[in-house]
1. Can you tell me which of Val56, Val61 is of a type in the set (Val, Ile, Thr), open to solvent by 10 Å² or more (accessible area, probe 1.4 Å) and in a helix (DSSP H, G or I)?
2. Do we have Val408 as outside any loop (DSSP other than H, G, I, E, B), within 14 Å of the ligand (Cβ to nearest atom), touching a residue at least 12 places away in the same chain (Cβ under 8 Å) and on the phi < 0 side of the Ramachandran plot here?
3. For residues in region 67-119 being among the small types (Gly, Ala, Ser) and outside any helix (DSSP H, G or I), which is nearest to the chain's Cα centre (by Cα)?
4. Search region 24-53 for residues being open to solvent by less than 10 Å² (accessible area, probe 1.4 Å) and among the aromatic types (Phe, Trp, Tyr), and hand back the single one that is farthest from the ligand (Cβ to nearest atom).
5. Quick test for you: out of Ile462, Ile483, Ile444, Ile487, pick the one residue that is without any contact (Cβ under 8 Å) to a residue 24 or more places away in the chain and within 27 Å of the chain's Cα centre (by Cα).
6. With respect to the numbered conditions (1) under 21 Å from the mean Cα position of the chain (by Cα); (2) of a type in the set (Phe, Trp, Tyr); (3) not in a helix (DSSP H, G or I), which one is the sole condition not fulfilled by Phe312?
7. Mind checking whether some residue in region 253-266 is open to solvent by 10 Å² or more (accessible area, probe 1.4 Å), over 25 Å from Ser344 (Cα atoms) and more than 15 Å from the ligand (Cβ to nearest atom)?
8. Is it the case, given these coordinates, that Gly438 is without any contact (Cβ under 8 Å) to a residue 60 or more places away in the chain, outside any helix (DSSP H, G or I) and open to solvent by less than 50 Å² (accessible area, probe 1.4 Å)?
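The values are calculated or read from the model by the stated rules, or taken from the named source; none is laboratory data. Owing to the predicted nature of the structure, the values given are computational and were not obtained by experimental measurement. FYI the Cβ positions are ideal-geometry reconstructions off the backbone, even for glycines, and counts take in every protein chain you see. Just so you know, the surface numbers come from the protein's heavy atoms only, side chains and all, with ligands and any DNA or RNA stripped out. Shrake-Rupley method; radii C 1.70, N 1.55, O 1.52, S 1.80 Å.
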Amino acid sequence: MAETSSARGSWNSKLGFILAASGSAIGLGNIVFFSSNAYQYGGGAFYLPYFLALFVLGIPVMITEFGLGTMTNRSFPEALYRVAGRKAEFVGWWSLASALFITMYYVAILGWALGMMFGAFGSLFEGGVTAPFAPFSEPTDGPSATVYFFDLITTWWPLLCVVAIWTMNILILWKGTATIERAVRIFVPLMWLFMIGLIVRGLTLEGGVDGVLYLFTPDVQGIQEPAVWKGAFSQMFFSLSLGLGTMTAYASYLPKDADQVNNSLLVSFMNCGFEYIAGVAIFSLLFVFALNPVGGTLSLAFFAIPQGIAEFPWGVRLFGFLFFFLLVIAGITSSISLIEGPASALIDKFQIPRPQALAMVAVPGIVGSLFFALPQIIDPSLSGNGTLGLSLLDVMDHWAFNYSLLTVGFFECIMVGWVLGADKLRAAVNKYSKLPIGPWFDVIIKYVAPLLLGTVIVWNLIEEFTGETLYGAGADLGAFNWIPYVIPFIWLIGTLAVASYLTFGRTYKVAPAAYSPSDSPQTPA
Ligand code: PFF
């Protein structure tokens, strides 16, 4: 069957693809979650397992997801269908339904970051250290960025910010690869520039180097803690944007002779390089100002870092603005990929115009994001979960982050490793690779990766159901105590229902042919 790659769109250049894929990988995960994980697990204890996770899990699965894209020139569900049949297609749709849930709260966090960004030139850093949130009104003295943040999220402003972020996403995705490429050519270099600015600032403050030493001094004792390994593997998957179909969608716009080993190495190293740079910048701040990001992952970005920036001898507003602008652009280059995954899959399945596919993803997506930004206070002390939106987000993130990506990764390795045969994917990738991968790849995809991913999933489940209460059920949420019980069902039943309907309830407009190695051109470019 003739490939319709030109109708689907294609990258203008290899650089465009690398920028887009690394833009997808580099996001909130690198700036916020990596550092708070590293902090939680004791700095030097985290980076060694993390480094290992890159080689035994990250790079091989990235090669697999990129490989699927160029072998079939189709997005995730159809690519899996072609190489491993209908059941594999189901896994693909399930991952994209999960991606939509993750996009909903990812965009809500970006909405808050956008609010804080405006705050840097508003009252965030005025009136002493930082002032309470007060749009269009005189700032008053306030004790901390925490107050500003909670004041902000208990107003309706973030809902407006959420709509603004969704609008930007849709505009960037409007013409597919053409508009994505234009955006990432600006955003991705800016991201690096701002991060380097922050690192220079952090390290030139007295005491900044101590934070770096904390992050990089190996902690042999800490490594023996199994939870550190679990944290490192989950974080690696999220950080490299694996298990949600995005990398396959992006790779499907490449020519068949793209060197996917080279691309995987480039994107993985750029992502982890950025992550370590971000870690250095953040840990130097934490140490200089003796900040302790207590109270969950988001507290690092929204309380501790602005608090540190507020104490800079100069450039407070500028660096405050830059930090949140950095979060917003890094987040947008990731959220567009989260939306492109399902959108491209709908285009492939139903042959519908791009705006229609974008609408099918964006309408439920915007509604969901608005829920996560709901400002109603349900914990009056604000010491717990704060707003209704934040409570929903915390519980949803727990389930989606810990289970979706890893479960998809597990089945993807089984489908590719056992049903298609890891050697077939390896042969397809090696055909155009300057650095051919050896049989070790088959061993990883067939045995090592499923074993590691399966262990983490089972372990998570055991912890889940041997704990005193279900995740989040311990907090006093007043009239909303039902949230922790209902969210997991909405997520699980919702994603399974969408995946079943799209796999078994609807047929392809153009029936997909099974993958055959002769689909690829024989001579490397
Ligand atoms: N890698 C992104 C980050 O680190 O923030 C998040 C992400 C984007 C995860 C796209 C998964 C994905 F498919």
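1. Numbers: Val61 fails: open to solvent by 10 Å² or more (accessible area, probe 1.4 Å).
After applying the criteria, what remains is Val56.
2. Values: outside any loop (DSSP other than H, G, I, E, B): yes; within 14 Å of the ligand (Cβ to nearest atom): yes; touching a residue at least 12 places away in the same chain (Cβ under 8 Å): yes; on the phi < 0 side of the Ramachandran plot: yes.
For Val408, the condition - outside any loop (DSSP other than H, G, I, E, B), within 14 Å of the ligand (Cβ to nearest atom), touching a residue at least 12 places away in the same chain (Cβ under 8 Å) and on the phi < 0 side of the Ramachandran plot - is met.
3. Applying the first criterion (among the small types (Gly, Ala, Ser)) to region 67-119 yields 67, 69, 75, 79, 84-85, 88, 92, 95, 97-99, 108, 111, 113, 115, 119.
Going one step further and asking which of them are outside any helix (DSSP H, G or I), we end up with 75, 85.
On the way: Ser75: 18, Gly85: 27 Å.
Among them, the one singled out is Ser75.
4. Filtering region 24-53 for residues that are open to solvent by less than 10 Å² (accessible area, probe 1.4 Å) and among the aromatic types (Phe, Trp, Tyr), the one farthest from the ligand (Cβ to nearest atom) comes out as Phe46.
5. Working: Ile483 fails: without any contact (Cβ under 8 Å) to a residue 24 or more places away in the chain; Ile444 fails: without any contact (Cβ under 8 Å) to a residue 24 or more places away in the chain; Ile487 fails: without any contact (Cβ under 8 Å) to a residue 24 or more places away in the chain.
None of the others qualify; the one that does is Ile462.
6. (1)
7. Looking through region 253-266, none of the residues is open to solvent by 10 Å² or more (accessible area, probe 1.4 Å), over 25 Å from Ser344 (Cα atoms) and more than 15 Å from the ligand (Cβ to nearest atom).
8. Numbers: without any contact (Cβ under 8 Å) to a residue 60 or more places away in the chain: yes; outside any helix (DSSP H, G or I): yes; open to solvent by less than 50 Å² (accessible area, probe 1.4 Å): yes.
Here the answer is yes, as Gly438 does meet what is asked.
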